[in-house]
1. Looking at Gly165, Gly179, which one is out of contact with any strand residue (DSSP E or B) (no Cβ under 8 Å at 6 or more places or on another chain) and more than 18 Å from Asp241 (Cα to Cα)?
2. Looking at Tyr271, Tyr294 in this structure, which one is among the hydroxyl-bearing types (Ser, Thr, Tyr), in a helix (DSSP H, G or I) and either crowded, with 24+ Cβ neighbours inside 10 Å or in contact (Cβ under 8 Å) with a residue 40 or more places away in the chain (or both)?
3. How many of the residues making up segment 40-78 are assigned to a helix (DSSP H, G or I) and aromatic (Phe, Trp, Tyr)?
4. When segment 114-134 is examined, which residues are found to be touching a strand residue (DSSP E or B) at 6+ places or on another chain (Cβ under 8 Å) and outside any helix (DSSP H, G or I)?
5. Looking only at residues that are in a loop (DSSP other than H, G, I, E, B) and either more than 14 Å from the chain's Cα centre (by Cα) or modelled with pLDDT under 95 (or both) in segment 135-148, which one is surrounded by the most Cβ atoms within 10 Å (Cβ to Cβ)?
6. Strands (runs of 3 or more DSSP E) wholly in segment 168-250 with at least 3 residues that are hydrophobic (A, V, I, L, M, F, W, C) and in contact (Cβ under 8 Å) with a residue 12 or more places away in the chain - which ones?
7. Filter segment 98-113 for residues that are assigned to a loop (DSSP other than H, G, I, E, B) and in contact (Cβ under 8 Å) with a residue 40 or more places away in the chain; which is farthest from Leu281 (Cα to Cα)?
8. What number goes with the only condition from (1) more than 30 Å from Glu35 (Cβ to Cβ); (2) of a type outside the set (A, V, I, L, M); (3) outside any loop (DSSP other than H, G, I, E, B) that Gly95 does not pass?
Amino acid sequence: MQVPRVFGRLHASQIGLVINEGDPYSVAVGEHYLERRQLAPEQVLRVDLPVQAQLSPADLAQLKARIDARFGPQIQALALAWNRPYAVGCLSITGALAFGADEALCRNTCGRASAASSYFNSASSQPLKDHGWRPSMLLASGSVEAARRLIDRGVASDGQLGLRGSPPAQAWFLSTGDGARNVRAALFPPSATVPQLALQVESTTGDLPRPGRRVMLVQTGLAVLPAGLEAIDWVPGALADHLTSFGGLLDAVGGQTPATAWLDAGATASYGSVSEPCNHLQKFPHPQVLLLHYLQGQTAIEAYWKSVAWPQQGVFVGEPLAAPFARR
């Protein structure tokens, strides 16, 4: 897979933070993010949203209008400081904020997206300027304390991987026995060692990485993740996701492991779908695109958004500005 050379990345001055004042979790997590990423007051929007899984189309329209009125062209991406709402009908809230409603897709959630994302595998470092919309990511986790640790990992990650002489980090691409959810295995890169980036790529079979390794990326295909995520030696800034139908139901109502399980265990960003997408590869993060954009020093929000061609049904979660391979 070829990816373009990208010059530049998103910085804290280009992030708009949205806090739901009706949600104590959102207020606490948003204030921590404001402090840790040293955002200016004009980069913060305070709203009052219902604290529930689904946001209505009317509430979405009001939220989008307030975002557009508050933030000018300097703000290129958004951090949403909450767990819920994570969906608008069949769409994720991150997808709906970017692309609006898609009635045809919601009539057949297993169908094709109406239009592919122009941001997929792009060289852009300014998505609003180049593509006309802002990617967003939820600062979601299982508790306020877990979210604070997530944010702290993101901040601690910046520029800390790929350094000459440092112990290698590992990217794990795992093939499972779940045939329907293992379709990404055809896109996995081969196992390799990349000395100049202090990186080892492992493409192998199994459900989880072997213990005792410095893990910066995991991709697998399972409905329910096995026990042991916390035992993984996660490095700050690690990305992890599993291809399944309902990983984006962050309150775990679908009986499948939510994407936030990775974050609570020690990863820094993830992705999951909020409605039945079927296993179209375009609806899930492309392994090589995700890895290669991240290795160029892009942020977690850029690498994840650029890796999904049809992102409307998937919610992006984590600390958006984590950039472990960035160079100052």
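1. Gly165
2. Step by step, each of Tyr271, Tyr294 is checked, and only Tyr294 is among the hydroxyl-bearing types (Ser, Thr, Tyr), in a helix (DSSP H, G or I) and either crowded, with 24+ Cβ neighbours inside 10 Å or in contact (Cβ under 8 Å) with a residue 40 or more places away in the chain (or both).
3. 0
4. Arg134
5. So, considering only residues that are in a loop (DSSP other than H, G, I, E, B) and either more than 14 Å from the chain's Cα centre (by Cα) or modelled with pLDDT under 95 (or both), the one surrounded by the most Cβ atoms within 10 Å (Cβ to Cβ) is Gly142.
6. Strands (runs of 3 or more DSSP E) meeting the threshold: 169-175, 214-220, 233-242.
7. Ala101
8. The number of the failed condition is (1).
The values are calculated or read from the model by the stated rules, or taken from the named source; none is laboratory data. Predicted model, so just to flag it, every value in this text is computed and none were measured. FYI the Cβ positions are ideal-geometry reconstructions off the backbone, even for glycines, and counts take in every protein chain you see.
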